[in-house]
Amino acid sequence: MRVFITGASSGLGAALARHYGALGAQLGLAGRRLDGLQHTAAGLDARLYQADVRDAAAMQSAADAFLSTVGPPDIVIAAAGISVGTLTEVAKDATVFRAVMDANVLGLVHTFQPFIAPMQKNGGVLCGISSVAGVRGLPGGGAYSASKAAATVYLEALRLELKARGIHVVTVAPGYIDTPMTQVNPYAMPFKMTATMAAARVARCIARRRAYTVIPWQMAWVARLLKWLPIPVYDSVFEKAPRKPRGLPT
């Protein structure tokens, strides 16, 4: 089994690498931090690619290198992303908005595009990590909520485009995962999963070719409730909700 994963320097991407590595997969691991990739890859059959998913040329180079040394992947997982608080009223946050949208939406495109043609012969799975935060707009998190809503819709369109070509597109929308991305959150995080638990659930969705899944199941019910709450009720509940800290992660 050949698996290519972005965001593998830490968090969910690293946990997914360890999950598939334990199954004997040949891994391609991409991420911005080389030291993080090296830590993730310890003891695994892995090729490392220091690349930012916002950089289309860098992702093309990483894909080309993986294809030439390992071959077309059976699974590609786009797990890289940025989660940070933003405020439209703050002029300098426009740069942060762009970074979040580029990573969380265009990052999916840059990850998948180089592999689609090579995978058509034998098929496979493209898995994109969205978020429950994309179900409704969260105050102080406009960039993140918008990016994850866009990611979900983009992945749905891609699923329909590739269905006849034998490539499955799987969307997984997690709730809270205990990673550096969430450890700065100054609020309670119900149904929080460890990265290892989340990776196992994502892998199960991939194995079952699930079109769209919210994990864990408790958060799936929360997502359904949020989606159908009338606007006045949603506004009254979330208007003063605690907000994620601002500031672009390094």
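Bear in mind that the values in this text are calculations on the coordinates, not laboratory data. Just so you know, these numbers come straight off a predicted model, no measurement behind them. Here the Cβ is made from the backbone with ideal geometry for all residues, glycine too, and neighbour counts use every protein chain on show.
A compact table of results
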| quantity | calculated |
| --- | --- |
| Net charge dipole size for the chain [Lys, Arg +1 and Asp, Glu -1 on Cβ; Debye, nearest 20] | 560 debye |
| Residue of R224, R18, R201 that the Gaussian network model of the chain assigns the largest fluctuation, springs spanning Cα pairs under 10 Å | R224 |
| Crossing angle, helix 11-22 versus the chain [Cα axis fit, 0-90 degrees, rounded to tens] | 30 degrees |
| Helix-only mean residue ellipticity at 222 nm for the chain, each DSSP H run of n ≥ 4 adding -39500 (n - 2.57), per residue, nearest 500 | -13500 deg cm²/dmol |
| Selected from Y20, A207, A117, residue furthest toward positive end of dipole (the chain; charges at beta carbon) | A207 |
| Calculated Rg and Dmax of the Cα atoms in Å (choose from [x] 18.2, 67; [y] 17.5, 55; [z] 18.2, 60), label | [y] |
| For the chain, built as a Gaussian network whose Cα springs stay under 10 Å, the top-fluctuating residue of A103, A42, A220 | A42 |
| DSSP beta bridge pairing in the chain, given as percent antiparallel to the nearest 5 | 0 percent |
| Residue-span extension gain [A211 to F191] - 0.36 nm each, minus C-alpha spacing | 5.0 nm |
| Those chymotrypsin sites (Phe, Trp or Tyr not before Pro) in the range 119-195 that DSSP places in a loop and that have at most 13 other beta carbons within 10 Å | Y187 |
| Residue among V109, V70, V233 with the largest mean-square fluctuation in a Gaussian network model of the chain, springs linking Cα atoms under 10 Å | V233 |
| Proximal lysines relative to K163, as straight alpha-carbon distance under 29 Å, when same-chain residues fewer than 8 apart are discounted | K121, K148, K227 |
| Gyration tensor verdict on the range 1-84 (Cα atoms; rounded if a/c is under 1.5, prolate if a/b is larger than b/c, oblate otherwise) | oblate |
| Burial order of peptide ranges 209-219, 123-133, 25-35, 237-247 (average beta-carbon count within 10 Å, highest first) | 123-133, 25-35, 209-219, 237-247 |
